[in-house]
Structures are given as C-alpha cells and as structure tokens.
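A quick write-up on the structure given underneath.
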Amino acid sequence: MIFVVMEAYKKKVMIVVMMVLGIVMSGSNAQYSFCRMPKDGLKSCLASVSGDNPVDPTSDCCLAIAKADLQCFCRYKDSGLLSIYGVDPNKCMELPVKCKVVDSFHC
C-alpha cells in the first residue's frame with residue numbers, strides 16, 4: 001500500500017515539476033520546450049493530437065517530431081500531464097509513425 005501511495009506522489013511531483021519548467025521556459029528564449037521538441041513544433045502538432053477530429057500532422061509537426069526525444073514522451077504518456085493540456089497521449093504516440101520518422105513506435 002505504501003508503494004502505491006509513493007508512486008502516486010511521484011507522479012504528482014513530476015507533473016508539478018513539468019508545469020514549473022514549462023512556465024520558466026515559456027518566459028525565456030530556450031530553443032527547446034519539451035522532450036527536445038521546439039516550441040513551434042509543439043504548436044504545429046497540437047491539432048493532430050487534440051480534439052475529437054484530429055488532423056493529419058503537418059510537415060512542420062513532422063520536422064519537430066523528427067527532432068524530439070521519443071522515449072521522453074513515453075515518460076509522460078500515463079502521467080496525466082498531457083491530458084491537462086487537452087492532448088490525447090495515444091494520439092501523440094501515433095505521430096512518429098504518421099510522420100514516417102519510425103516504422104513503429106511503442107513505449
């Protein structure tokens with residue numbers, strides 16, 4: 001039982017840390033904002049990973065996905081952080097294949 005409580009606590013701490021980092025980096029001129037993915041790339045992919053009818057990823061989105069640390073995204077898939085921003089984690093995990101960055105991608 002203590003292990004379950006500690007895991008839940010770790011996830012909450014991770015979410016808070018990522019939110020703080022996001023706030024700090026959004027106010028700076030940092031080149032990368034999340035998992036080595038440029039800020040503009042994150043924005044260009046948003047329509048492909050949110051909403052009921054996501055669109056196909058744009059070329060700008062795919063360029064950003066190609067630069068991203070894909071394993072880093074896996075760390076956030078089940079954290080709830082992506083959902084807070086209206087992003088469907090499962091749709092995020094589909095982008096590397098849709099963009100033809102990799103043949104298959106699984107966390």
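The values are calculated or read from the model by the stated rules, or taken from the named source; none is laboratory data. Computed from a predicted structure; not experimentally measured. Reconstructed Cβ throughout: ideal geometry from the backbone, glycine too, with neighbour counts over all protein chains shown. Ligands, DNA and RNA are stripped out before the accessible areas are found, and what is left, the full protein with its side chains, is counted by its heavy atoms. Shrake-Rupley method; radii C 1.70, N 1.55, O 1.52, S 1.80 Å.
Restricting attention to segment 48-96, which residues are more than 14 Å from the chain's Cα centre (by Cα) and surrounded by 14 or more Cβ atoms within 10 Å (Cβ to Cβ)? Once the filter is applied, which keeps residues that are more than 14 Å from the chain's Cα centre (by Cα) and surrounded by 14 or more Cβ atoms within 10 Å (Cβ to Cβ), segment 48-96 yields Pro54, Pro57, Thr58, Asp60, Leu63. Please work out if Val102 is of a type in the set (A, V, I, L, M) and either at pLDDT below 95 or in contact with a Lys or Arg (Cβ under 8 Å, 6 or more places away or on another chain) (or both). It is true that Val102 is of a type in the set (A, V, I, L, M) and either at pLDDT below 95 or in contact with a Lys or Arg (Cβ under 8 Å, 6 or more places away or on another chain) (or both). The listed residues are Met19, Met6, and the only one of them that is open to solvent by 80 Å² or more (accessible area, probe 1.4 Å), at pLDDT below 55 and more than 17 Å from Cys107 (Cβ to Cβ) turns out to be Met6. Contact map, segment 87-107: residues that are farther than 17 Å from Phe34 by Cα paired with residues that are at pLDDT 90 or above and exposed (fewer than 15 other Cβ atoms within 10 Å of the Cβ), Cβ distance under 6 Å, separation 6+ or inter-chain. Pairs shown: Phe105/Val97.
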